[in-house]
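First comes the structure, then the notes that go with it.
Every number in this text was worked out from the coordinates using simple rules, so none of it is lab data. Being a predicted model, the structure only gives us computed values, none of them experimental. Every residue, glycine as well, gets a Cβ built from its backbone with ideal geometry; the counts of neighbours run over all protein chains shown.
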Amino acid sequence: MKDGLEIYDDKGHQIDHYLSHHCKPVDRRNGWLCGVSVGRNVGNIVVTEWSHTGYLHVYDTAGDSWRYNRCCVCQWPDLVGITSDGFYVVSSYDDRKLYLYTSQGVELWSIDMSRDGGMYDMFVDNNDIIFVCLGNKVVYYKSGKLLSLLSTDTKIEPRGVFVDKNREIFVCDYKNNNILLFDKNYKFIKCLIHLDYKPSKISLYNNKRLSVIRWDDNKVYVYKI
């Protein structure tokens, strides 16, 4: 990511560019802006600074303008999600842990994820259940406690996960070039889309348009479902 956040509408048109004129540019020798999450219930945008200092850059809406703040968290923060009460779930590339922080950067709990491979993606749903693409599986947590994992009949390599307002779960299967669909009870439903490329990230707009990032060219492909 550049020293800025580009925002696009559902037709792929850029509608704004934030951050670069608000915050001090990141020293590229030490890190760069990495993960981003939008608070659905609290109206803010949080961006991780992937660096030794480990900052979260927080942008809150204030009328027609944006208020900027930042807080120091774990070293080398990567993925980020926002809970319904405005707390931040952050993964650390440094120690392979998952952390929960208050909006002031106070640590509430952490989970050691180092035994199960790398964390590739994370999503916090409307019920504050945390879904993590971890190694060759998708695990989900509530209040820092492991609930279970999503399972299929075939081996997968999950790289992206998204949960819609109906609690249906979409997963990018990097290994098999598939978009997988699970129901609200975490049961596998079907392969929703078979692709001719390897998907790495996924999101859903208005429960109709599925956006998928292609791994090898970093382009966003949009599908109507």
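In terms of overall dimensions, the C-alpha atoms belonging to region 114-225 reach 35, 30, 25 Å along their principal axes, ordered largest to smallest.
Using r as the Cβ-Cβ distance of Leu149 and Tyr205, and R0 as 35 Å, what FRET efficiency do you calculate, to the nearest 0.05?
After rounding, the FRET efficiency stands at 0.85.
Here the spin labels are modelled as points 7 Å beyond Cα on the Cα-Cβ line, and at Ser84 and Arg214 they lie 3.9 nm apart.
What lysines does Lys155 reach when the alpha-carbon gap must be under 17 Å and sequence neighbours fewer than 8 apart in one chain are set aside? Here the lysines satisfying the reach criterion relative to Lys155 are Lys137, Lys175, Lys187, Lys190, Lys198.
Placing a pseudo-label 7 Å from each Cα along the Cα-to-Cβ vector at Lys165 and Ile225 gives an inter-label distance of 1.6 nm. Our coupling estimate for region 76-86, obtained by passing each phi through the Karplus curve with A = 6.51, B = -1.76, C = 1.60 and θ = phi - 60°, is 6, x, 10, 7, 8, x, 10, 7, 5, 9, x Hz, Gly and Pro reported as x. Along region 92-109 the Karplus relation, 6.51 cos²θ - 1.76 cosθ + 1.60 evaluated at θ = phi - 60°, assigns HN-Hα couplings of 10, 5, 6, 10, 6, 10, 10, 10, 10, 10, 6, 5, 9, x, 7, 6, 9, 7 Hz to successive residues, with x for each Gly and Pro.
The amide H of Lys175, built 1.01 Å from its N in the peptide plane, has Glu157 as neighbours under 5 Å, considering only residues 5 or more places off or on other chains. Summary of the geometry: region 73-92 and region 95-145, compared by the centres of their Cα atoms, lie 8 Å apart.
Can you check what the net charge comes to around Lys201, using other residues whose Cβ is under 10 Å from the Cβ of Lys201 (Lys, Arg +1; Asp, Glu -1)?
On the way: positive: Arg159, Arg214; negative: Asp121.
With Lys, Arg at +1 and Asp, Glu at -1, the neighbours total +1.
Taking 27 Å as the limit for the C-alpha separation, the pairs Lys145/Lys219; Lys145/Lys224; Lys97/Lys142 exceed it in the case of Lys145/Lys219; Lys145/Lys224.
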